[in-house]
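For reference, the structure discussed in these notes is given below.
The values are calculated or read from the model by the stated rules, or taken from the named source; none is laboratory data. Just so you know, these numbers come straight off a predicted model, no measurement behind them. Here the Cβ is made from the backbone with ideal geometry for all residues, glycine too, and neighbour counts use every protein chain on show. Side chains included, ligands, DNA and RNA excluded: accessible areas come from the protein's heavy atoms. Shrake-Rupley method; radii C 1.70, N 1.55, O 1.52, S 1.80 Å.
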Amino acid sequence: MELDLSPKLPKKVYGGDGGSYYAWCPEELPMLKEGNIGAAKLALEKNGFAIPRYSDSSKVAYVLQGSGTAGIVLPEQEEKVIAIKQGDSIALPFGVVTWWFNNEDTELVILFLGETHKGHKAGQFTEFYLTGSNGIFTGFSTEFVGRAWDLDESTVKKLVGSQTGNGIVKLDDGFKMPEPKKEHRDGFVLNCLEAPLDVDIKDGGRVVVLNTKNLPLVGEVGFGADLVRIDGHSMCSPGFSCDSALQVTYIVAGSGRVQVVGADGKRVLETHIKAGFLFIVPRFFVVSKIADSDGMSWFSIVTTPDPIFTHLAGRTSVWKALSPEVLQAAFKVDPEVENSFRSKRTSDAIFFPPSN
């Protein structure tokens, strides 16, 4: 049975006055289960508080919209309270406890992409909440909680039963949350909209790559990530991951067209994509995108810490490495056609501006 690679929107899992949690499900996007990938979004309204939780999967969080505060606790370390804003990327290894809060009028929206190889369900994150109506405290008897924290029964009942919210709650106006500390961002957060560019092609596109040099915790999550922005009508060169990695792509802004070619030269996906959609490119499949007039940007993870890509156009493409005679024989064309094909793209660019 052929896999359905069609881009999909997420579905609401739960939510209320404080905000909502959305996820892409393997039943609608089969490549999630096939590739052991999880994808979700957290949207917090003003005073929305995503209560402390941990996950069965390592992730990268990317702030799509708004600003707010995040609390991060690595195992056996003190809490880091971090101011977050649009463009921020945060690596979240196994075992990290997080909470999220929005004290602004603008909705705070955070994307989560990660691997589920060690998760309870392939292609789906499982969250473990520390408090609330489905928090871990509710599963233990009052005797166990009381003995563990040396509390009397009445205090235990207040502690366990007072928070009736589930996952996301709305705090009262004026409730004082901890103030973020500027130094806590160091080593935890990289803003992809402000970071030095790894690729910058005039009128073509720009790339910021998350790696262990600019975000050390990337090494602990076990996969790479990047933010790609291409200008109106520009093209991202056809290419593939040559180290057996999956490409998981969320369209952040703009719109455009995408084509994916798989085995036997078969085009397995041709569609129009726009902000909010997510799709996955299987291992070794070739993908290319062309932006509409408003340009297009996307945030991706690649399921290996140091991905290697082969691009099929530009000066460094594999075609430039092959000898003219091999190309003439492979395409069954004369030297004139082969020379025209070889000489058209002479730059190192992976993004091609529209022709004049």
**Prompt:** Checking ILE82 against (1) out of contact with any helix residue (DSSP H, G or I) (no Cβ under 6 Å at 6 or more places or on another chain); (2) in a strand (DSSP E or B); (3) surrounded by fewer than 23 Cβ atoms within 10 Å (Cβ to Cβ), which test does it fail?
**Reply:** (1)
**Message:** Taking the condition of being modelled with pLDDT of 90 or more and either of a type outside the set (S, T, N, Q) or part of a loop (DSSP other than H, G, I, E, B) (or both), how many residues in segment 237-264 meet it?
**Reply:** 12
**Asked** Conditions: (1) more than 21 Å from SER20 (Cα to Cα); (2) outside any loop (DSSP other than H, G, I, E, B). TRP99 meets all but one. Number of the miss?
**Response** (1)
**Request:** Find the residue count for segment 15-34, including only residues that are surrounded by fewer than 24 Cβ atoms within 10 Å (Cβ to Cβ) and either of a type in the set (Gly, Ala, Ser) or in a loop (DSSP other than H, G, I, E, B) (or both).
**Result:** 11
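Yes/no per residue for (1) without any contact (Cβ under 8 Å) to a residue 60 or more places away in the chain; (2) under 18 Å from VAL252 (Cβ atoms):
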position: VAL189; (1), (2): no, yes
position: GLU194; (1), (2): no, yes
position: ASP198; (1), (2): yes, yes
position: ILE201; (1), (2): no, no
position: GLY204; (1), (2): no, yes
position: VAL209; (1), (2): yes, yes
**Checking ALA61 against (1) crowded, with 19+ Cβ neighbours inside 10 Å; (2) assigned to a loop (DSSP other than H, G, I, E, B), the condition it does not meet** = (2)
**Request:** Test VAL260 against the stated conditions and say whether it is under 26 Å from TYR22 (Cβ atoms), buried (at least 20 other Cβ atoms within 10 Å of the Cβ), in contact with a Phe, Trp or Tyr (Cβ under 6 Å, 6 or more places away or on another chain) and not small (Gly, Ala, Ser).
**Result:** yes
**Complete:** Among residues of segment 150-174 being open to solvent by less than 60 Å² (accessible area, probe 1.4 Å) and β-branched (Val, Ile, Thr), the residue nearest to GLY15 (Cα to Cα) is ILE168
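For segment 240-248, does any single residue satisfy the condition of being touching a helix residue (DSSP H, G or I) at 6+ places or on another chain (Cβ under 9 Å) and closer than 23 Å to GLU27 by Cβ?
Step one: filter segment 240-248 for residues touching a helix residue (DSSP H, G or I) at 6+ places or on another chain (Cβ under 9 Å), giving 246, 248.
From the residues that got through so far, the ones that are closer than 23 Å to GLU27 by Cβ too are 246, 248.
Yes; the residues of segment 240-248 include at least one that is touching a helix residue (DSSP H, G or I) at 6+ places or on another chain (Cβ under 9 Å) and closer than 23 Å to GLU27 by Cβ.
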**Asked** When both residues are 6+ apart or on different chains and their Cβ atoms are under 7 Å apart, which pairs have a first residue that lies in segment 20-40 and is closer than 19 Å to ARG283 by Cβ, and a second that is open to solvent by 10 Å² or more (accessible area, probe 1.4 Å) and in a helix (DSSP H, G or I)?
**Response** PRO26/LYS33
**Asked** Can you tell me which of GLY114, GLY71, GLY146, GLY132 is touching a Ser or Thr at 6+ places or on another chain (Cβ under 9 Å), part of a loop (DSSP other than H, G, I, E, B) and either buried (at least 17 other Cβ atoms within 10 Å of the Cβ) or of a type in the set (Phe, Trp, Tyr) (or both)?
**Response** GLY132
**Item:** Matching residues in segment 226-256 - criterion: being open to solvent by less than 40 Å² (accessible area, probe 1.4 Å) and of a type in the set (D, E, K, R)
**Value:** ASP226
